[in-house]
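Taking it in order: structure first as structure tokens, then the write-up.
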Amino acid sequence: MSRTFRRLKSTLPAIKDSDIIITGFARTPFGSFMGSLSSLTATNLGSLSLMESLKRAKVPEELIDEVILGNVVSAGLGQAPARQVCLFGKLPSNVPCTTVNKVCASGMKSVAMAADSIKAENGEIKVAGGFESMSNIPHYLPKSRPGLRLGHGHLIDGMINDGLWDLYNDQHMGMCAETCADTHGISREKQDKYALESYRRAAFAWENGLFRDEVFSIEVPAKRNKSLIVKRDEEFESVDKQKFTSLRPAFLSGGSVTAGNASTINDGAATMLVMTMKRARELGVTPQARIISYADAARDPVEFTIAPSDAVKLAAKKANLSETDIDYHEINEAFSVVALANIRLLNLDHEKVNVNGGAVALGHPLGASGARIIGALCSVLRQRDATIGCASICNGGGGASAMILERLS
């Protein structure tokens with residue numbers, strides 16, 4: 001079956017058969033730390049999202065030739081987490097799989113790697129995205145293998161150690177956010193105001209059905225042989241606005257970064273299918289967007305907070321676009337100060353950034369967030385009848401990734 005696609009007004013080159021598109025985006029609701037999704041493993045969540053993506057794209061399982069998925073803290077999950085997602089998701093056993101760890105940018109990097117693989121003619125249809133269950137990340141007991149001998153042992157929190165710690169400066173990444181706030185003169189008041197607006201936008205989006213094309217309901221085992229149907233993100237409904245501005249600084253005495261204006265600890269997964277335009281036409285698949293360009297950037301580890309501004313500029317240059325050609329942005333809100341700093345550095349209008357809320361309000365399951373913002377961008381471009389968008393995300397160690405999309409449907 002072939003299909004004719006409507007081309008929206010665009011300054012971009014004409015669509016070619018070899019262009020890479022994404023379709024079938026799906027994500028789970030994002031659960032709070034030790035919340036409604038905590039009984040499911042990260043790979044359970046990933047497999048549910050994978051199956052939903054196939055269902056939405058209407059692509060048969062046997063046509064998938066590779067699975068590339070992001071996951072940050074894999075300790076305790078068992079061998080090859082992406083492979084588990086593949087097999088638990090009922091894909092054939094001959095489908096090769098790769099797990100990607102680029103910290104918070106893992107989910108986006110997996111999509112870029114899928115696109116690269118197709119361009120290199122190493123397959124035609126890929127599943128990409130990411131998954132994380134931060135509730136289930138274990139603690140470690142170092143030095144236990146050679147023997148603790150005499151004295152007390154010391155537990156290490158795997159989530160902090162492998163997901164949230166600036167190894168190079170031996171500090172929590174929240175301290176990097178404090179450095180960013182100080183360097184760029186972004187006050188506690190501005191961060192709190194931004195965070196509350198993220199919560200407001202997220203609540204508005206949920207109340208008005210703006211996530212219906214992204215989030216699918218999942219059934220979670222509950223007590224007494226019953227089950228719970230989880231339909232919505234948990235985090236945005238748990239904010240206490242009365243106490244918000246009186247929260248203590250989370251990382252530095254007298255600092256400006258708090259638990260309220262930072263992203264939260266969450267569980268969730270997000271996936272999509274990546275293929276050529278030619279293959280989409282042949283299968284009668286409706287593409288959500290064409291991938292125009294993508295780029296990675298890096299700075300000093302402390303400056304990971306502003307690395308997205310570099311990645312966005314690189315991606316725009318590769319696409320031969322000016323920054324004013326981009327209609328909407330999704331910038332992952334690792335901290336409110338990250339979004340605020342990059343909005344300033346890129347000279348963006350906040351009204352065009354994270355219009356349905358961001359990670360502060362919706363949640364930030366590390367391996368899934370890079371994929372989530374790609375799906376969110378597709379939704380925003382459609383809802384606002386816009387054409388070109390950019391998703392960007394910082395990652396620990398000083399890095400960032402960005403991807404520019406053109407809406408096609």
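The values are calculated or read from the model by the stated rules, or taken from the named source; none is laboratory data. Everything numeric in this text was worked out from a predicted model, so none of it was measured. In this analysis, Cβ positions are derived from the backbone assuming ideal geometry, glycine residues included, and neighbour counts consider all displayed protein chains. With ligands, DNA and RNA removed, areas are computed over all heavy atoms of the protein, side chains included. Shrake-Rupley method; radii C 1.70, N 1.55, O 1.52, S 1.80 Å.
Miscellaneous remarks
- Comparing PHE244, LEU196, MET51 along the charge dipole axis of the chain, the residue lying farthest to the positive side is MET51, per the Cβ-charge model.
- Surface share of carbon and sulfur [accessible, 1.4 angstrom probe, percent] for the chain: 50 percent
- Part-to-part distance (alpha-carbon centres) for region 353-388 and region 280-352, which is given in Å: 11 Å
- Annotation: HIS139 carries an accessible surface of approximately 110 Å², with a 1.4 Å probe and no ligand, DNA or RNA atoms counted.
- In a simple Cβ point-charge model (Lys, Arg +1; Asp, Glu -1; nothing else charged), the chain has a dipole of about 800 debye relative to its Cα centre.
- Computed from point charges on the beta carbon alone (+1 for Lys and Arg, -1 for Asp and Glu), the dipole magnitude for region 275-353 about its Cα centre is near 460 Debye.
- The phi torsions of region 66-78, fed into the Karplus equation with coefficients 6.51, -1.76 and 1.60 and a -60° offset, translate into couplings of 6, 10, 10, 9, x, 7, 8, 10, 8, 4, x, 7, x Hz, rounded to whole numbers, with Gly and Pro shown as x.
- Distance in nm between pseudo-label sites at LYS231 and GLU351 (7 Å out along the Cβ direction from Cα): 3.3 nm
- Label-point gap, in nm, between LYS190 and ASN122 - each point 7 angstrom along Cα→Cβ: 4.3 nm
- Computed from label points 7 Å out along Cα-Cβ, the spacing between ASN208 and LEU155 is 4.5 nm.
- GNM flexibility winner over the chain from SER309, SER187, SER93 (Cα, springs under 10 Å): SER93
- Under 5 Å, built H, 5+ apart or other chain: amide partners of ASN266: MET134, HIS364, LEU366
- Note on the chain: GNM, Cα springs under 10 Å; of MET173, MET113, MET275, the largest mean-square fluctuation is that of MET113.
- For the cross-link pairs LYS109/LYS352; LYS90/LYS126; LYS119/LYS318; LYS109/LYS318; LYS55/LYS231, the ones whose C-alpha atoms lie over 20 Å apart are LYS109/LYS352.
- In the elastic network of the chain, a GNM with C-alpha springs shorter than 10 Å, the most mobile of ARG83, ARG149, ARG27 is ARG149.
- Cross-link partners of LYS143 among aspartates and glutamates (Cα-Cα below 20 Å; sequence separation of 8 or more within a chain): ASP157, ASP162, ASP170
- Straightening the chain between ARG200 and THR286 buys 27.8 nm, computed as 0.36 nm per residue apart minus the Cα-Cα spacing.
- Taking a Cβ cut-off of under 14 Å around ALA361, the surrounding Lys, Arg, Asp and Glu residues balance to a net charge of -4, with basic ones at +1 and acidic ones at -1.
- Estimated dipole of region 14-76 in Debye, rounded to 20 [Cβ of Lys and Arg +1, of Asp and Glu -1, Cα centre]: 320 debye
- Helical runs (DSSP H, four residues minimum) scored at -39500 (n - 2.57) apiece and divided by the length of the chain put the mean residue ellipticity at 222 nm at -9000 deg cm²/dmol.
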